[in-house]
Every structure is written in C-alpha cells, then in structure tokens.
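Undergrad: Got a structure for you, questions after.
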Amino acid sequence: MKRGKIRPIAVCIVIEGGNILVQEGFDHVKNEVFYRPLGGKIKFGELGSMTVVRELFEEIEAELHDIRYLGTLESIFTYNGDDGHEIVLIFSGKIINLNLFPDQTIMRYESDGEPIKAVWLPLTTFIEYDRNFHNNRKPLLYPDGLTNIIKNFYG
C-alpha cells in the first residue's frame, strides 16, 4: 500500500454449498485474524470483472465463470499499523474447476513470495457475527459492509 493513495481493488465472492471462499489474513498490530474475499488491485485499463478473473487464477489457479457485479464499498482501515483507503468493486462468481480444491484450505504464494491461505468457511460464520456486532468491534469479514451486500444477494 502506498501511503496517501487510494487503491482500487476488485474482489470476488464465491459461495458453494453454503460455504464462502475467503483469504485468511492476520494483523500483527491488532493481533487479529480476519478474512476477505480473494481479489486484488485493478490494473490500469483493466475492468474490475477481469481483475477478479486474473487475481483468482494467479492466487489459487481457479478459473471463474458467471461473474456478476454486486456493488462497491469504500474501505478506510488500518492494517499492521498503516492506514489504507480502498475503493472495492464486489463481484460474485463460480469456480469452474472446484475439483482442484478437495481440502478446506488452499495454500499458495503471491509472485513476491507472500503466502496466500484461502479457506472455505460456512457463510453463517460471518452473517451470525455481523448480527452480533457490538462494542465497536470490527466485523471478521472485510471490507466493512460486505456482509450487507452478501445478505442482499444471497438472503
């Protein structure tokens, strides 16, 4: 993240059998495990829908189809002590090659060597947590507001 810059990203919500595919992250400053849909930075001249196709293939070798735009969120946050600001395009999609992921955890690496841990978790994990949102705790699923978009499209 470049300090003082707004970063445009696109993420893809993939739901199969009541489970959502999310990337697990850890904020060392907050000592917090968190999750977010897979995706990444939109390159200049690239449509957001193509970003999720490229990113999911690069991150976990998944091929997507039936990609649909769901909405946009603005995310202002702190991660590992650094301030961030993202405009997040939210898409849904289906993975063509689900048989590539027989386990619940998918471990891969970014081109810079950064590990990617993707997991299938019950969607209710995040919906129930969101319902119990209180005491100024941030939702477990980022960016903030994503559970509302999921509830609007998936009930």
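The values are calculated or read from the model by the stated rules, or taken from the named source; none is laboratory data. Everything numeric in this text was worked out from a predicted model, so none of it was measured. Here the Cβ is made from the backbone with ideal geometry for all residues, glycine too, and neighbour counts use every protein chain on show.
Undergrad: Filter the range 1-45 down to residues that are touching a residue at least 60 places away in the same chain (Cβ under 8 Å), in a loop (DSSP other than H, G, I, E, B) and under 22 Å from Gly93 (Cα atoms), then give me how many there are.
TA: 3
Undergrad: Consider the range 10-19. How many of its residues are of a type in the set (A, V, I, L, M, F, W, C) and either surrounded by fewer than 20 Cβ atoms within 10 Å (Cβ to Cβ) or more than 19 Å from Ser49 (Cβ to Cβ) (or both)?
TA: Quick first cut of the range 10-19, residues of a type in the set (A, V, I, L, M, F, W, C) only: 10-15.
Next, from what is left, pick out any that are either surrounded by fewer than 20 Cβ atoms within 10 Å (Cβ to Cβ) or more than 19 Å from Ser49 (Cβ to Cβ) (or both): 15.
Qualifying residue count for the region: 1.
Undergrad: Can you tell me which residues in the range 41-65 are on the phi > 0 side of the Ramachandran plot and either modelled with pLDDT under 95 or surrounded by 12 or more Cβ atoms within 10 Å (Cβ to Cβ) (or both)?
TA: Glu61
Undergrad: Filtering the range 74-92 down to residues that are farther than 13 Å from Lys5 by Cα and at pLDDT below 95, which residue is farthest from the chain's Cα centre (by Cα)?
TA: Gly81
Undergrad: Please verify whether the range 66-73 includes one or more residues that are surrounded by 17 or more Cβ atoms within 10 Å (Cβ to Cβ) and either within 13 Å of the chain's Cα centre (by Cα) or hydroxyl-bearing (Ser, Thr, Tyr) (or both).
TA: Yes; the residues of the range 66-73 include at least one that is surrounded by 17 or more Cβ atoms within 10 Å (Cβ to Cβ) and either within 13 Å of the chain's Cα centre (by Cα) or hydroxyl-bearing (Ser, Thr, Tyr) (or both).
Undergrad: Checking the conditions here, which among Pro102, Pro122 is modelled with pLDDT under 95, under 15 Å from the mean Cα position of the chain (by Cα), exposed (fewer than 13 other Cβ atoms within 10 Å of the Cβ) and closer than 25 Å to Gly17 by Cα? Break it down into steps so the answer makes sense when it comes.
TA: Numbers: Pro102 fails: under 15 Å from the mean Cα position of the chain (by Cα).
Only one candidate passes the filter, namely Pro122.
Undergrad: Taking the stated definitions as given, is Asn80 touching a His at 6+ places or on another chain (Cβ under 6 Å), over 20 Å from Phe126 (Cβ atoms) and of a type in the set (S, T, N, Q)? I'd like the intermediate steps shown before the answer.
TA: On the way: touching a His at 6+ places or on another chain (Cβ under 6 Å): yes; over 20 Å from Phe126 (Cβ atoms): yes; of a type in the set (S, T, N, Q): yes.
When the stated conditions are applied, Asn80 passes them.
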